[in-house]
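I have a structure I would like to understand better, so I am pasting it below and will then ask my questions one at a time.
The values are calculated or read from the model by the stated rules, or taken from the named source; none is laboratory data. All of these numbers come straight from a predicted model, not from anything done at the bench. Glycine also receives a Cβ, built like all others from the backbone with ideal geometry; neighbour counts cover every protein chain displayed. We work out accessible area using only protein heavy atoms, side chains counted, and drop any ligands, DNA or RNA first. Shrake-Rupley method; radii C 1.70, N 1.55, O 1.52, S 1.80 Å.
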Amino acid sequence: GHLASKDMVHWKDLPLALQSENGFYDELGCWSGSGMIDKEGVPRIYYTAGNNNRFPNQAVALAQPEDTEEDPLLKKWKKYPSLIKEQDIGWLGEFRDPFVWIEQENYFMLVGTGDEHNGGGNAALYVSADGLNWESCGMLVDYNYEINQKCGHVWELPVLLPLRDDSGKIVCHIMMFCACQIEHDIVETYYFLGNWDASKKTFTKWNDHAMLLDLGYGTFTGPSGFVTPDKRSVVFTIAQGKRPFSDEYHAGWAHNGGLPLQLWWDNGLKMQPIREILSCEEKMLLERTNCGIEELNHDLEKINSNRMYVKLTTDADEIAICTESVVDESRYVQVVYNRNTKRFFARNAEGKEISRFRDSCDLVEVEGEITIEYFLDHSMIEVYLNQRKAMTLRNYVADGERKISVSSSSTNARVSSIQLWNMKSAYD
């Protein structure tokens, strides 16, 4: 698929960039990969060519625009006549989602696969002078699979991005991947932080346990990323649908993109939606400072919307934002942060937790004021806690709009500030 945007928020649909071809090396499908600009300034798409008539049935292919000057929107692409890289490492038949970038005059490539040495997934690392002929550098991450079994036997969509501080200095790198082939669990997006050394072609991880960017229990998946011209590390994701297949079939769609995220370093990993998202602010519906919960909810009761942005700060020990359908009380979601337990979680109308919590590695410690940024967009709820952790949830409502309210178990809790905006559509 192919879309174009000037701000990563408002997108224009374009014709398909790539299609599988019978009798060609990608006749099963043109699967995930990445885009980049080569040393000559020409765009490239590296993608996974699927073909069950050969084994291994997955390989890396390349496509480039037919004419960048006459076709600035890159509507027409031509495929390289032969495959760029066939599988030579990892679990045979598991070799997909190339991620390519240029550093120190070399092309580097990560490809998701399984690691026969530890039984878990990993990213195969390659280096090339021209982006066509690749030399294997082995697996990227040395880790203990026994304590990371939820990361699965195969990694998909490996992404390596720099994390910069406020001065623009690269402090470390983040290695993200989507877990695949997991026993008794669901797909999540995990990450390791560490030092990437392009000269030595090594990644030295900092954390033994793979961490979660998002605690929404399998909604936040399919990471892809790149560094923008102004040096922001930006990540796109696929928000998984959470409806029965019959509902998806009759609706005509299943999944969608999550908000693009910027990742950076400030005494730890920080994340928030890209600033361009705020261009969709349409009308401020509420602004209050230093107010009690009951007083605030009296004002919130008057507001209905299906596209909202809320920013709330409080020094209370616990705060929760509740989303409720105007027409269906069962479509209730409460997102909670408790400073004492360090838990950031969500529960439904029955009080059942619907978010992810593995063990202490998913605790979030917040010192000072709690700041929650909350985005509601029809079936999507995306919440960010002090730029430290995200939570992406689904909340399908057939008809009607939503109300939100605020609650707290803390005695005499007060909200330091809150703004609530109605958001414009990103589409014309």
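With the requirement that a residue be free of Cβ contacts under 8 Å to residues at least 40 places away in the same chain and either crowded, with 17+ Cβ neighbours inside 10 Å or in contact with a Ser or Thr (Cβ under 9 Å, 6 or more places away or on another chain) (or both), what does the stretch 247-279 give you?
Passing the criteria: 255, 257, 262.
Now for a separate question. When you check residue 413 against the structure, is it surrounded by 14 or more Cβ atoms within 10 Å (Cβ to Cβ) and closer than 24 Å to residue 11 by Cβ, yes or no?
So residue 413 fails the test.
Being open to solvent by less than 50 Å² (accessible area, probe 1.4 Å) and not acidic (Asp, Glu) is the filter here; which residues of the stretch 280-304 pass it?
280, 286, 291, 292, 293, 296, 297, 300, 303
Select from the stretch 333-375 the residues that are surrounded by fewer than 17 Cβ atoms within 10 Å (Cβ to Cβ) and touching a Ser or Thr at 6+ places or on another chain (Cβ under 7 Å) and write down the one among them that is nearest to residue 413 (Cα to Cα).
The extreme case among them is 369.
Any residue at all in the stretch 312-320 that's out of contact with any Pro (no Cβ under 9 Å at 6 or more places or on another chain), open to solvent by 10 Å² or more (accessible area, probe 1.4 Å) and at pLDDT below 95?
No, that holds for no residue.
Among the residues that make up the stretch 124-136, is at least one of them within 20 Å of the chain's Cα centre (by Cα) and either at pLDDT 95 or above or surrounded by 20 or more Cβ atoms within 10 Å (Cβ to Cβ) (or both)?
Looking through the stretch 124-136, none of the residues is within 20 Å of the chain's Cα centre (by Cα) and either at pLDDT 95 or above or surrounded by 20 or more Cβ atoms within 10 Å (Cβ to Cβ) (or both).
Same structure, new question: For the stretch 73-87, enumerate the residues that are surrounded by 12 or more Cβ atoms within 10 Å (Cβ to Cβ) and either in contact with a Ser or Thr (Cβ under 8 Å, 6 or more places away or on another chain) or of a type in the set (Gly, Ala, Ser) (or both).
Within the stretch 73-87, 74, 87 meet the criteria.
Go through the stretch 44-72 and give me each residue that's free of Cβ contacts under 8 Å to residues at least 40 places away in the same chain, of a type outside the set (Gly, Ala, Ser) and surrounded by 22 or more Cβ atoms within 10 Å (Cβ to Cβ).
Hits for the stretch 44-72 are 45, 58.
On to the next question. Kindly indicate whether any position in the stretch 95-106 is open to solvent by less than 60 Å² (accessible area, probe 1.4 Å), more than 20 Å from residue 48 (Cα to Cα) and in a strand (DSSP E or B). Break it down into steps so the answer makes sense when it comes.
Residues of the stretch 95-106 open to solvent by less than 60 Å² (accessible area, probe 1.4 Å): 95-101, 103, 106.
Checking which are more than 20 Å from residue 48 (Cα to Cα) leaves us with 103, 106.
From what's left, in a strand (DSSP E or B): 103, 106.
Yes, there is a match, as at least one residue in the stretch 95-106 is open to solvent by less than 60 Å² (accessible area, probe 1.4 Å), more than 20 Å from residue 48 (Cα to Cα) and in a strand (DSSP E or B).
Looking at (1) in contact (Cβ under 8 Å) with a residue 60 or more places away in the chain; (2) over 23 Å from residue 215 (Cα atoms); (3) among the aromatic types (Phe, Trp, Tyr), which is the only condition residue 196 fails?
(1)
Is the stretch 29-38 home to any residue that is among the β-branched types (Val, Ile, Thr), surrounded by 19 or more Cβ atoms within 10 Å (Cβ to Cβ) and within 27 Å of the chain's Cα centre (by Cα)?
no
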